[in-house]
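The values are calculated or read from the model by the stated rules, or taken from the named source; none is laboratory data. Predicted model, so just to flag it, every value in this text is computed and none were measured. Note that each Cβ is placed from the backbone with ideal geometry, even for glycine, and that neighbours are counted across all protein chains shown. To get the accessible areas, we keep the full protein, side chains included, count just its heavy atoms, and leave off ligands, DNA and RNA. Shrake-Rupley method; radii C 1.70, N 1.55, O 1.52, S 1.80 Å.
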Amino acid sequence: MIGHALLSVVLLLIYAPTSSIAVSVEIDPRGGQQQGNQHDVSRSGKPREVQATFVNALSDTTVNLYWAGNVNSAKEGSLQLYYGPLDPNGGEKIIEGYEGQVFALTKVGGYERLGEYRLGSSTAAPGSETFILTNEGADQFREKFPPESIDSKQREEKAQKCRLVNKDNDRFDNWGTFLHRCRGCVEVEGCGFSPVRDRLLGIEGKGSGGCYASHAVATVNDVDECNELYEIEAAEQISVEAWLNRATELTLSGTGHDRGSSLRMAYACLERALERSDQMMTEARGKKVHNSIKAAETTDKKARAALLELTAKLEAIFDDADMKDLLASSRHPKLDEIHPNMPAVPRRTTKDAKEYILRGEPVIITDMFEGGISNPVAHKWTLNYLNQKVFGAIAGGEPPKFNVAADVNTRCCRYFESQGKAQSLEYPYPFVPTTHLYRDTFDGFVKTIRKANRNTVARGGIGANSTKPKLLHYLHEIVMNKDGIAAVAGGEAPQQLVDDLDAITSQLRLLASKQPFFGDFAYAKVWLGQKGIVMPMHYDATDNIYVMAWGRKRAIIGEPGQLDAFYRYPNGHPLVGSSQVNLTEPDLDRYPQFKDARLREVIVGPGDVLYLPAWWWHQFEQPFEDTAALNLWSRDRAGAPSSHMRDMIVREHILADQLEESVAQRSGKGAGLVFDTLANGGNSAYHAAVDDDKLKKAENAMLHAANVWQNEISELPGRHPNIRQSAAKLVEEYLGRTHHSVMQDIPEGWHPGDSWDLSEIARLPRELRSRCKPAPESSPFMSICG
């Protein structure tokens, strides 16, 4: 997780506000700040110049002034350049701009918009305009969010109409046949037929009917394809292996938007394979020949596992009702008791989602790849495709190794920083990991997943589990570097990956450009893992676009900051950037303030795109099926203000970082003991082991760090509410929320500087150990191989 890199402990920029004085700033027609009075004369038809005065008439709120693009441009509304703060009670700035440019005023410390203005829109004298932000105007602007979302509402109404088609059994004399159900659905505008949902409902005894809102990958969307699928259904039966081979060919064939059709045809072939497998099983059992029964069982597992794998690609989130049902079925009972009414992250069309992204609010984009738009992640990415066309197509030499986490199904998987980093810090905290981090080829990972699926599918229903896998595996690998260049395992990427990422970023760049200060994509990561995996609560320091390839993920999301409610691990700990609270089984005795956490929940399915702003906490879970996703982080554009200038939450993180560093510099490997003693006093198990003089010096260092932070923040626009607290109170609160429980439940006999205790780490099966190569303790990546 790229976002775990924390901020510098020293503020890089101190901004002395001068917003009570009128300052003239000149920008060119594209919004770039100019040197002196030189205009961009290269642009033909230059719009009319406007001198705009912005006045903050609010009585108690400092606001920031931003250029927010030009009217009717792709980036209209997105924050682009920072023109400084405006103090309350009349602070003003004068901008030399151009007609059609848009400016936004936001509350200092976040992206809450209080006003938005277009130059040239007023009735003032030509060339001169004044915009005054009043309390009444700010309140009226706040009421515009969330927007009415007319486009999304219409889409949801169509979805409900499609569901009604399933109940309209009288439209056709032969409604019970697949062909008529499919035709009857797709002939209704906006509706598509889901072969997967139609089958699963029949298996569960809930009747048949796969009519839902049209989906780019999951549904049949025209009568011709209904006919093609029926031809497969009615075709003469062939061997199981022949059907499986035909399905594999289809998952690798097709181009552009036709890929969805190829995948649905592959699913139909796998249904026929399972049908033939059932016949073989019946015949073998009738003959009572042991070898024939074993062969039939092996073939049956293979067919069922293949169908299960493709089901994850074609089982989508069709509408709000789908998400509501899935959320209700997958909540953790104890978490639900503490937070019973978590609001859902909204599902919106691309048109309606833009307003959320402009304001830095999480949102799911539901129609990004519809309307003939082909996207590699949505349309092409399957295990077969990635293994044979992408990662298996790397020519020459030894195949690259990918990072994989493995753990038992009740606790997989906990990401942590490399042992090399902990070693460089002299191991100040005890750590007993259970998740096994190792490296394997992509083909090796695919074999592991498919073997697990064959061993867990049970007769009587696709997706039913007779026993859960003993070990779950989660591949997570960087596939794009900080410069936006495709890479695999730090090396050169295969051409197909380069092409896919180029296509993906080209399609998403326009959407991402609505992010505040979006410069471009920097880093991308693939995530492939099994049903049952939970990635515990953590945050990233950059905005995140999360694209689902297959499977449905549940996410619990927390508003940014909330360090008191989530009890962040300290910087020197391997779990830095994560919450100490186990959300699947929260312990309010140990973490009492978690009851006040502000949480949301969401389900993300194939073809969905989740926008997750920087610093938002998130826990991803896979309770339904295996999943795969690609996430793309971003970097700020040139000229963007430093994060602590525009974001109040970052200032809180800086305080925590500075307090941690003030002791770590002095205490080295003993920092954990010192913090625990300062946090717990005489109740600390290490109280007698820490010298009183060392404790006093550490306490004084923290008080000094808190004072420095207060002085620095008091110079920033908007400051921070905590500068009014005493330094002693800031230190006390930090110790209570961060260090009260970190040193509990440690191995007996641990001493500062001791390496990690790997005795509890999940053990790999023999075939994985045989091809795993261990990494040295100082390595930047983990590969334990035990």
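Basic side chains Lys and Arg get +1 at the Cβ, acidic Asp and Glu get -1 at the Cβ, and with that the dipole of the chain about its Cα centre reaches some 1820 debye. Note on the chain: antiparallel DSSP beta bridges, both residues inside, total approximately 90 percent of the bridges counted. Helix 648-667 versus the longest principal axis of the chain: what is the Cα-based angle in degrees, 0 to 90, to the nearest 10? Taking the Cα atoms of the chain, the angle to 648-667 is about 80 degrees. A 1.4 Å probe over all protein chains sorts LYS389, LYS482 by accessible area into LYS482, LYS389, starting with the largest.
Which of the peptides 307-315, 517-525 is most tightly packed, and how do the rest follow, judged by the mean count of other Cβ atoms within 10 Å per residue? Don't skip to the end; give the middle numbers.
Details: 307-315: 23.2, 517-525: 19.6.
Listed from highest to lowest mean packing, they are 307-315, 517-525.
Only protein heavy atoms count here; under a 1.4 Å probe, ASP693 has an accessible surface of about 80 Å².
Along the axis of the charge dipole computed for the chain (Cβ charges of +1 for Lys and Arg, -1 for Asp and Glu, origin at the Cα centre), the listed residues ALA524, ALA138, HIS720 are led at the positive end by ALA524.
Heavy atoms only, probe 1.4 Å: what % of the accessible area of the chain goes to carbon and sulfur, would you let me know? List each step's numbers first, then the result.
Details: 15370 of 32280 Å².
Roughly 48 percent, rounded to a whole number.
Against the chain, whose longest principal axis is taken from its Cα atoms, helix 223-234 shows a tilt of about 40°.
With everything on Cα atoms, drop me the angle between helix 671-680 and the longest principal axis of the chain, reported from 0 to 90° to the nearest 10. Around 80 degrees separate the two axes. Only one of (i) 49; (ii) 30; (iii) 38 was calculated from the structure for percent of Cα pairs over 42 Å apart, and its label is (iii).
Here's how it looks for GLY115: its modeled amide H is under 5 Å from those of LEU105, which are all 5 or more places away or on a different chain.
Each residue of region 507-520 was assigned a 3J(HN,Hα) from its phi angle through the Karplus expression (A = 6.51, B = -1.76, C = 1.60, θ = phi - 60°), giving 6, 8, 4, 5, 5, 5, 5, 7, 4, x, 6, 4, x, 5 Hz with x at Gly and Pro. For region 753-759, 3J(HN,Hα) computed residue by residue from phi via the Karplus equation (6.51, -1.76, 1.60; θ = phi - 60°) reads x, 5, 5, 4, 8, 9, 5 Hz, glycine and proline entered as x. If R0 equals 41 Å, the separation of the Cβ atoms of ASP502 and LYS696 corresponds to a calculated FRET efficiency of about 0.10. The residue among LEU308, PHE416, ASN245 whose Cα reaches farthest toward the positive pole of the charge dipole of the chain, with charges on the beta-carbon of Lys, Arg, Asp and Glu, is ASN245.
Cβ under 10 Å from VAL432's Cβ, VAL432 left aside: what net charge do those residues give with Lys, Arg +1 and Asp, Glu -1? Walk me through the numbers on the way to the answer.
Working: positive: none; negative: ASP745, ASP757, GLU760.
It works out to a net charge of -3.
Only DSSP H runs of four or more residues enter the estimate; each adds -39500 (n - 2.57), and after division by the residues of the chain the mean residue ellipticity at 222 nm equals -10500 deg cm²/dmol.
Please work out the average accessible area per residue across the chain, using the 1.4 Å probe convention, and give it in Å². Provide the component values of the computation, followed by the final result.
Numbers: 32280 Å² over 786 residues.
The answer is 41 Å² per residue.
How do 79-85, 116-122, 227-233 rank on mean C-beta neighbours within 10 Å, highest first?
Values: 79-85: 21.6, 116-122: 17.7, 227-233: 16.1.
The densest-packed peptide leads the list: 79-85, 116-122, 227-233.
In terms of its C-alpha gyration tensor, region 453-609 has an oblate overall shape, because the principal axis ratio a/c (a ≥ b ≥ c, square roots of the eigenvalues) is not below 1.5 and a/b does not outweigh b/c. Taking 4.7 Å between C-beta atoms as the pairing limit, the chain has these partnerless cysteines: CYS269. Sorting 331-338, 490-497, 247-254 by average packing, meaning the other beta carbons within 10 Å per residue, from highest down gives 247-254, 490-497, 331-338.
Rank PHE54, PHE193, ASN291 by how far each Cα sits towards the positive end of the charge dipole of the chain (+1 on Lys, Arg Cβ; -1 on Asp, Glu Cβ) and give me just the farthest. Farthest towards the positive pole: ASN291.
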